[in-house]
1. Output the number of the condition that residue 155 fails; it satisfies all remaining conditions of (1) open to solvent by less than 50 Å² (accessible area, probe 1.4 Å); (2) part of a helix (DSSP H, G or I).
2. Hey, can you tell me all the residues within the range 78-95 that are open to solvent by 60 Å² or more (accessible area, probe 1.4 Å) and charged (D, E, K, R)?
3. Looking at the range 225-235, which of the residues that are out of contact with any helix residue (DSSP H, G or I) (no Cβ under 6 Å at 6 or more places or on another chain) and either among the small types (Gly, Ala, Ser) or open to solvent by less than 30 Å² (accessible area, probe 1.4 Å) (or both) is nearest to residue 69 (Cα to Cα)?
4. I'd like the full set of residues that are open to solvent by 50 Å² or more (accessible area, probe 1.4 Å) and touching a helix residue (DSSP H, G or I) at 6+ places or on another chain (Cβ under 8 Å), limited to the range 176-220.
5. Restricting the search to the range 211-248, which residues are assigned to a loop (DSSP other than H, G, I, E, B) and within 16 Å of residue 131 (Cβ to Cβ)?
6. Has the range 75-98 got any residue that is under 12 Å from the mean Cα position of the chain (by Cα), at pLDDT 95 or above and either under 17 Å from residue 246 (Cβ atoms) or of a type in the set (Asp, Glu) (or both)?
7. List, please: which pairs have Cβ atoms under 8 Å, are six or more places apart or on different chains, and start with a residue in the range 89-107 that is among the aromatic types (Phe, Trp, Tyr) and end with one that is at pLDDT below 95?
8. Counting only residues that are without any contact (Cβ under 8 Å) to a residue 40 or more places away in the chain, part of a helix (DSSP H, G or I) and small (Gly, Ala, Ser), which one in the range 158-180 is nearest to residue 209 (Cα to Cα)?
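The values are calculated or read from the model by the stated rules, or taken from the named source; none is laboratory data. Please read these numbers as outputs of a predicted model, since none were measured by experiment. Backbone-built Cβ (ideal geometry, glycine too); neighbour counts: all protein chains shown. Areas reflect the complete protein model, heavy atoms only, side chains present, ligands, DNA and RNA absent. Shrake-Rupley method; radii C 1.70, N 1.55, O 1.52, S 1.80 Å.
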Amino acid sequence: MISDPAPHITADAAPPARRSLLRAALTGTAVVGAGLTVGAGSAGAAAPAAARKRPTTAEEALRELSAGNRRWRTFREKHPDESPAVRQTLTTGQHPFALLLGCIDSRVPPELVFDQGLGDLMTVRSAGQVLDEAVLGSLAYGVLELGIPLLMVLGHQSCGAVKATVQADESGERLPDHIQYLADQISPAIDRGKEGEARVDATIDANIRLIRARLAAEPDLAAKVDSGALQIVGARYELTTQLVHRVA
């Protein structure tokens, strides 16, 4: 299972007006002067119209993701937070409870794998979960501006980006330039203690660990982890069973 205890998150001090403007622009809230207006309350105070209780800590978020994945793999999806009322509420702001860095693979869409709906997850996807400045900036925004308490690096079985990296490393072949960039980022995770498909499979896990470690070393994210406001975890989706499990 993917659930795991996590510290309670703490609220940050209110940002200056310019930072509030950035937050408003990226969350889709209305701005008047230096303040945020969403009718009677602020974007941060907006609550879903549905009665569903939303996670507010990393521990609660992990439990919700675990429950959603259980529904997915047993074909009991609820497709939550898609109602007209929720859609209307989301026009004034967003408050996702988890941030997912996943692969671009069409077989692993996080909202389906975890049976979540609109406004529940903030997702960033790149081949092999590779990090670059755009990915890092997007993840930092979710943590620093939206206060999301859980960041999950989600790899998966039979990752094509990892397989291409391993094969190119073994053959010495250079991949097309932009794909070679991905391979260069993944190659430090290659598990040279195994051969064949076992090497690819082991490298998938090693890549998840490597990316998680890189994120945990980012100063802004590390400060949030140290304060108990953020938990960064690694996980893997199995195509054969549809199970998501933690990668330590």
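1. (2)
2. Once the filter is applied, which keeps residues that are open to solvent by 60 Å² or more (accessible area, probe 1.4 Å) and charged (D, E, K, R), the range 78-95 yields 78, 82, 87.
3. Only one residue fits best here, namely 235.
4. Selection gives 179, 185, 188, 192, 193, 194, 209, 218, 220.
5. Within the range 211-248, just 218 meets the criteria.
6. So far as the range 75-98 goes, yes, one or more of its residues are under 12 Å from the mean Cα position of the chain (by Cα), at pLDDT 95 or above and either under 17 Å from residue 246 (Cβ atoms) or of a type in the set (Asp, Glu) (or both).
7. Note: pairs meeting the criteria are 97/54.
8. Applying the filter and picking the extreme gives 164.
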